[in-house]
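Structure, as structure tokens:
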Amino acid sequence: MNFDPQIVAQAQAFVKSFNSGRGVRVPKMTFSSWPHFMRAVRQQLEVQS
């Protein structure tokens, strides 16, 4: 599945903040982009484990 580079960058920033223990902010996005964002977040978390 091809991802929008902006969504991937937002997911990477989300995971980086989450792992560092800082406050996590979900970026503003359209509802149709949400599944893509969550999939990118899950992939980033799996890569790190």
Handout entry: Residues (assigned to a loop (DSSP other than H, G, I, E, B) and either surrounded by 14 or more Cβ atoms within 10 Å (Cβ to Cβ) or of a type in the set (S, T, N, Q) (or both)) located in region 27-49
Key = Met29, Thr30, Ser49
Practice task
Could you please give the count of residues in region 1-26 that are outside any helix (DSSP H, G or I) and not acidic (Asp, Glu)?
Solution key: 9
Exercise for the section: Examine region 10-26 for a residue that is among the polar types (S, T, N, Q), more than 8 Å from the chain's Cα centre (by Cα) and surrounded by 15 or more Cβ atoms within 10 Å (Cβ to Cβ), and state whether such a residue exists. Expected result: no
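We did not get these values from a lab; they are worked out from the coordinates using the rules stated. Quick caveat, the model's predicted, so the values are computed rather than measured. For neighbour counting, all protein chains shown are included, and Cβ atoms are generated from backbone atoms with ideal geometry for every residue, glycine included.
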